[in-house]
Amino acid sequence: MFQQTSSPQRITLPPEVEEGNVEYKLKLVNISDERFVHLVTQMKWRLAEGCGEALYEIGIADNGQLVGLSSADLAESLRTLEAMAAHLDADCSIVRQRQVPPRHGDDLNAELRHVAEILVRKRVDSEDHFLEIRVAILGGSDAGKSTLLGVLTHSELDNGLGRARSRAFNHKHELESGRTSSLASDLVGFASDGRVVNYATTSVHTAQDIVEQSSKIVTLTDTCGLAKFLPTTIAAITARQPHFAMLMVNAAHWTEMTREHLGMLLVLKIPFFVVVTKVDCTPPDAIRNTLASLIAVLKGPGGRALPYICKNEDDIVAVLPHLAAPPATSYSPSLGSSTRGTGGVVPIFLVSSVTGDNIPLLTKFLNLLPQPPAADLAELAVAETEFQVQDVYDVPSVGTVVGGHVLAGSIATSRAPRRPQPLFLGPFADGTFRRVVARSIHRFCRAVHYVRANQAATVALAYWPETETEDEGTAAVPSTQTLQPVPPTDLRRGMVLVGSRAQATGAWTIDVELHLLYHASELTRDQTTVIYCGSVRAAAKVDWIDGDGLRTGDRSTVRFRFVNHPEWVRPGMTLLAREGRAGKMKCVGTVLRVGSEDEGAEPAPSPPMSPAGLSPGRRTRRTSKSPPLGGGGGEPGQGRRRRTRSKGSPPLTARAPPSPSPSPAPAES
């Protein structure tokens, strides 16, 4: 965050803002009791804004000027800050401390002045004690994803023969081939004082130990790098909804699959950072070529982001406020350039899992990584429950357990202090929902009474006893003996738990405002594709198209019909659709409307939209209105539509143009 201005001896920060979790304090000395209470209330607000984390800049004026403090004043300010944090069950840790250069006219013999940046983090004290950050690891099969996961979770460098990656594999054939074919997740924890908590910690033996000793949990999900397992990777990204993505690139070259993953992140507008691996065994010329190609794509029309190579702690603190920046163009005073595009600033780290180059810097970055702000989080917390099922387990002595993500509302167990609400599970093959209750809930191997929106959890389910005289508002809480077990064969991925019967509707058809990113020929009626929408991964047939057919770059309204069984999808959700492993067809869209099995009418007209990560200026133009609802499932009305192709539309796979070999330094925007 420290910025050098035009004067070589004048250093400033951006002016303080009222929102967010960053607070500027010139000094905290000789504080009265009344002032202390006000400061504690202010810290409580900053911690709430940062979901349990706050950054305090000591020795800095509200306008961002680095004034600095003497050693005695700085020490007293830190003691005051620690006392404030203790009242809120939080700890303080120094992120960095530096001297302020003397200004023009200052006495050169005067005492040096200092500024400090302090991280304040809540301690472990309740069911909501830790901050959860989900990070997906993407990249080609030779980028070293599993190896880096093993290094970060065990704090032990690789021996160059695959020892670190063996800790991340799930199957024997993965260990033998060295190729990941399934998803693997592991945890890295950080204590309230910033200390790393992983399997190398003395008192840690299981993942539950990491959770109990951590105030912040970073979940790292290792995905598949081979092309034949790309559907598994896409399903993981859409279902697990990561806050950030770690795109890993081999320093020697970056493969077609790495470009595919990069294009998917750009389309879905997931904030990401890049980790260039194997720098210890790659010639410098090859590293420069790879960086030049990578930077060209990130700054190109498809990305429009600002790449920034992080070399020290000052760099990572400078880029963090802009990592999850909105797509609108904004000015970054810390970086001296505008940030625009899908992910704002894109940090780049050059690491080695064998020699340990920049591994501590990357760990520090994960420690400071904030949870992206959610503008509608307060509304989601009081909304009706929505929980999408991602995994199904049959646990001995427990029964059927489902794992997933709470999209909205909350879920409480039957033993919770609050009254447990009946939930509705479905849709089943016939489109119906059945009433269930949560018997127990676990977050990261730790039993809790409830989970809220934007949290991942596993839930043990049981069927609620059905009666004809009771509804969900007046039904008595059933006893444990009357609960019926849920057979694992009844469940599948893509099902949902909802909180009311009004939400318990399965959709056979969905109307989508679609942008066709790529197609080998054209998209026409009766073509079959695979749709990825949340945890839903299902085959669907094109039932209707607003026009004769779609080619690469076209936009139009399309109706899909699920082939095997109904799915739970709601309007506003983003989906991806692909055909075949070779990527014969790739498209992205937003759900406009859902329909029943006998839905045969044409979609209702809808205003043009801009899918995530795509320019709103390129959209379909129409010369006639859409036909009214009604009629069968035949061809659209007599009016013809004319579309304009989006010639500049970026494909899902971002391709790097050939480029020379510049120096690996952050390029000016």
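Bear in mind that the values in this text are calculations on the coordinates, not laboratory data. Because the structure is a prediction, the values reported are computed rather than measured. We place every Cβ from the backbone using ideal geometry, glycine too, and count neighbours over all the protein chains shown.
Close amide H contacts of residue 544 (hydrogens built in the peptide plane, cut-off under 5 Å, sequence separation of 5 or more or a different chain): 559. Structural descriptor for the stretch 3-122: relative contact order 31 percent, calculated from alpha carbon pairs under 8 angstrom and at least 6 residues apart. Checked against a 32 Å cut-off, the cross-linked pairs 25/364; 27/299; 216/586; 299/364; 122/172; 172/299 give Cα-Cα distances beyond that limit for 27/299; 216/586; 122/172; 172/299. Normalised by 2.2 N^0.38 Å, where N is the number of residues, the C-alpha radius of gyration of the stretch 3-122 stands at 1.08. Counting only DSSP beta bridges whose two residues both lie in the stretch 131-368, roughly 30 percent are antiparallel. Sorting the segments 152-162, 489-499 by their mean number of nearby beta carbons within 10 angstrom, highest to lowest, gives 489-499, 152-162. Each of 410, 192 has some number of other Cβ atoms within 10 Å of its Cβ, and from fewest to most they run 410, 192.
Sorting 193-199, 423-429 by their mean Cβ neighbour count within 10 Å, with the most densely packed peptide first, gives 423-429, 193-199.
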